[in-house]
Every structure is written in C-alpha cells, then in structure tokens.
1. Take the range B:87-116 and flag every residue that is over 21 Å from residue B:59 (Cα atoms) and in a loop (DSSP other than H, G, I, E, B).
2. Out of the range A:96-129, which residues are closer than 14 Å to residue A:67 by Cα and over 12 Å from the mean Cα position of the chain (by Cα)?
3. Identify, by number, the condition in (1) more than 21 Å from the chain's Cα centre (by Cα); (2) within 19 Å of residue B:97 (Cβ to Cβ) that residue B:205 doesn't meet.
4. Limited to the range A:91-116, what total is found for residues that are within 14 Å of chain B (Cβ to nearest Cβ) and crowded, with 18+ Cβ neighbours inside 10 Å?
5. Report whether or not residue B:61 is at the interface with another protein chain (Cβ under 7 Å from one of its Cβ atoms), touching a helix residue (DSSP H, G or I) at 6+ places or on another chain (Cβ under 8 Å), modelled with pLDDT of 80 or more and surrounded by 15 or more Cβ atoms within 10 Å (Cβ to Cβ).
6. State yes or no: is residue B:168 assigned to a loop (DSSP other than H, G, I, E, B), farther than 24 Å from residue A:123 by Cβ and touching a residue at least 24 places away in the same chain (Cβ under 8 Å)?
7. Might you check whether a residue that is touching a strand residue (DSSP E or B) at 6+ places or on another chain (Cβ under 7 Å), part of a loop (DSSP other than H, G, I, E, B) and at pLDDT 90 or above occurs anywhere in the range A:89-102?
8. Are any residues in the range A:9-46 at pLDDT 50 or above and within 9 Å of chain B (Cβ to nearest Cβ), and if so, which ones?
C-alpha cells in the first residue's frame with residue numbers, strides 16, 4: 001500500500017570556511033551539532049617567553065598554529081577531507097565503538113628559519129621544514 | 001599566545017609546570033628546532049656588541065630564507081637556493097706575508113672548522129673580504145687569486161690548491177666574494193684541521209702587490225667590514241628522533 005510520503009528534513013548545508021581562507025575569521029564556526037569543526041588555530045611559540053633572545057638573533061618567536069576540531073559526518077570538501085576520511089566517518093556511524101572518526105590534522109606545512117649564535121660566536125642560520133601549519137583537514 | 005587554547009579533555013586537571021619540567025620542555029623544543037642550546041659565549045654577549053659584518057650578512061640571508069626578502073629583490077647570494085643550514089665563520093687568525101727577495105706578498109686566513117657539522121653536504125662556501133679604493137695603484141687592473149693551503153712544508157713553499165680568481169679595478173670598492181667551495185672536499189677528509197686560505201694580489205704585468213695596499217681590509221678593519229667565511233649546507237634527512 002502506498003505509504004504517505006515522509007517529508008524529508010531540509011538538507012542541512014554546513015556553512016564551513018573555505019579552506020583557502022585562513023580560519024581565524026571563522027572563529028565561531030560550528031558544525032551541525034554545535035561542535036567546533038576541524039580547522040587551524042593560532043599558536044605562537046615565543047622565544048622571548050622561552051628566554052632565548054640573548055643568543056637567538058631572529059625571529060622573536062614564530063606562529064606554528066595547530067589543528068583542532070571535529071571531523072563529523074558529513075565531511076564536506078571544505079574540510080579538506082580525504083575520500084578515506086569520508087569512508088572512515090561513514091563506517092564510524094555504523095560501528096562507532098569499533099571505528100573512530102577521522103582526525104583533524106595538518107594538510108599543508110611550511111618551514112621556519114632561526115638565526116642564532118653558537119658557542120664560538122659564529123652566526124648560524126637554520127631552516128626547519130614542517131614547522132608551520134598552513135592548512136588543516138580530516139584524515 | 002593566540003586564540004582560545006585547546007580545550008582540556010574532560011577530567012584532565014590542568015596544572016602549571018614546575019621549573020625543572022619547564023626546562024625539560026624547553027630542551028624538547030630546542031631539540032625539535034635543532035638548536036644546540038644556549039651557548040656559553042666566550043666574549044661578552046655578542047648581541048650587545050656593535051653589529052659585525054657576519055651577523056649583518058646573515059640577517060639579510062635570514063630575511064631572504066624566511067621569505068621576507070622581497071623588498072631587496074631576492075636573496076643576497078645565489079648559494080642560498082637549496083641550503084637549509086648556513087654557517088658564518090669569523091674566528092680566524094690572519095698572517096700578512098712578504099718574501100723580500102722575490103717581493104711576493106700574500107694574506108693568509110686560518111679558520112677553526114671544528115664547528116662544521118660532520119656528514120652534512122656543503123652546497124657552497126664563500127670567502128668575503130671588503131675592498132676600499134686603492135690610493136697607491138690608480139687606474140690599474142688587479143687580479144685577486146685565492147688558494148687553499150693544503151699542506152705546509154718546513155723546507156719549501158706550502159702545497160696550495162687553486163680556488164678562485166677575480167679581476168677588478170684598483171679604484172673599486174665593496175665586498176669581494178671569492179668562491180671557496182672546492183676547499184670543502186678536504187674538510188670532510190680532515191674535519192678537525194684548520195682551514196688555511198691564502199690570498200694574492202697581482203697587477204696585469206704579474207707584479208705581486210701587498211693586499212693591504214690594494215685596499216683589501218683584514219682583521220684590523222672596523223667590525224662591520226671584517227672578512228668572514230660563509231658555508232651553505234644541505235642537511236641530510238633529519239634522523240628519526242628517539243622518543244624522550
């Protein structure tokens with residue numbers, strides 16, 4: 001017998017930040033159930049606070065950032081989610097105790113450089129790869 | 001600093017680190033950054049002294065490497081390209097030599113290379129010396145040649161290894177950059193041996209000239225114009241850090 005058509009709930013559209021806009025202007029971004037979605041957060045490593053400025057010439061510290069937030073279904077393309085992360089989130093919905101959600105991690109990293117004196121007063125310049133988070137996503 | 005910090009997991013008591021734990025954390029951050037840890041400077045803290053030639057040059061490199069160097073149209077030296085470690089060497093001993101009967105002059109610089117990290121690939125090495133306009137050799141063309149002192153001999157002239165030759169005018173002024181990359185092959189063979197660099201100046205007709213008369217400044221120059229050496233390294237893949 002034809003059942004009365006169930007009214008489909010309106011499709012929820014997650015207004016998520018576009019990955020190419022640095023989060024920080026989307027501070028109040030929340031997913032559907034009011035949780036923070038996966039995004040980049042500010043984190044400043046201060047050489048001044050660490051007390052190193054008498055031998056580190058430059059910089060005074062650097063913005064390292066970090067990734068934090070929920071990777072809850074639906075993982076829109078805005079969350080830089082890999083296909084595997086989307087699949088894992090689906091399986092998590094079916095077996096939440098067996099399979100965890102995808103996790104929020106850096107998808108793009110860049111280097112930072114430090115100029116300092118060594119014990120012979122020579123000046124050294126070191127470049128360190130993968131020390132600054134440029135973008136986050138669900139993996 | 002920065003935005004709202006990470007929310008502590010439920011039930012996790014946040015507490016302040018004790019001084020010892022704080023020092024351990026700092027040591028951890030130093031290790032991640034590959035910094036050697038606070039040096040015990042021999043001289044008064046270098047930062048308190050007048051800006052010297054090497055730190056000034058290295059600060060330009062820092063801005064170029066950190067990507068801030070746009071305003072000056074790119075890195076101050078082509079060697080910066082692939083390097084991820086740059087060392088400047090200022091501690092050197094300088095000899096001014098003249099062999100009277102042959103009227104042969106040279107300047108010799110000795111560098112302590114014990115700080116060179118063993119096993120890193122040298123991509124380039126430069127010797128930088130400042131030249132003032134010469135008031136003794138007007139309108140002359142000068143040939144500046146640089147050799148590495150490979151081995152000193154007691155009964156005869158030292159064994160020398162040719163490194164670079166630059167030609168300039170006696171009235172020229174500025175930093176003269178001599179390429180000493182070829183000498184780095186010997187560093188890895190004798191890591192703890194000082195590096196000896198010898199500099200000659202000749203006129204077009206082959207006459208040896210005292211480098212000081214040609215306007216080349218040595219250790220007696222003002223700090224911002226003293227000679228120094230810069231070495232560019234490509235650091236191998238960082239060794240997997242043992243969990244601490």
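1. B:103, B:112, B:113, B:114
2. Initially, the range A:96-129 is screened for residues closer than 14 Å to residue A:67 by Cα, giving A:102-109.
Within the range A:96-129, A:102 is the sole residue that qualifies.
3. (2)
4. Result for the range A:91-116: 6.
5. Details: at the interface with another protein chain (Cβ under 7 Å from one of its Cβ atoms): yes; touching a helix residue (DSSP H, G or I) at 6+ places or on another chain (Cβ under 8 Å): yes; modelled with pLDDT of 80 or more: yes; surrounded by 15 or more Cβ atoms within 10 Å (Cβ to Cβ): yes.
Criteria met by residue B:61.
6. Details: assigned to a loop (DSSP other than H, G, I, E, B): no; farther than 24 Å from residue A:123 by Cβ: yes; touching a residue at least 24 places away in the same chain (Cβ under 8 Å): yes.
Here the answer is no, as residue B:168 does not meet what is asked.
7. Applying the first criterion (touching a strand residue (DSSP E or B) at 6+ places or on another chain (Cβ under 7 Å)) to the range A:89-102 yields A:102.
Adding the requirement that they be part of a loop (DSSP other than H, G, I, E, B) leaves A:102.
Keeping just the survivors that are at pLDDT 90 or above gives A:102.
Checked against the condition, which is being touching a strand residue (DSSP E or B) at 6+ places or on another chain (Cβ under 7 Å), part of a loop (DSSP other than H, G, I, E, B) and at pLDDT 90 or above, the range A:89-102 yields at least one hit.
8. Listed by number, the residues that qualify are A:36, A:41, A:42, A:43, A:44, A:45, A:46.
The values are calculated or read from the model by the stated rules, or taken from the named source; none is laboratory data. The structure presented is a predicted model; accordingly, all values stated were derived computationally and were not measured. Cβ coordinates were reconstructed from backbone atoms using ideal geometry, including for glycine residues, and neighbour counts include every protein chain displayed.
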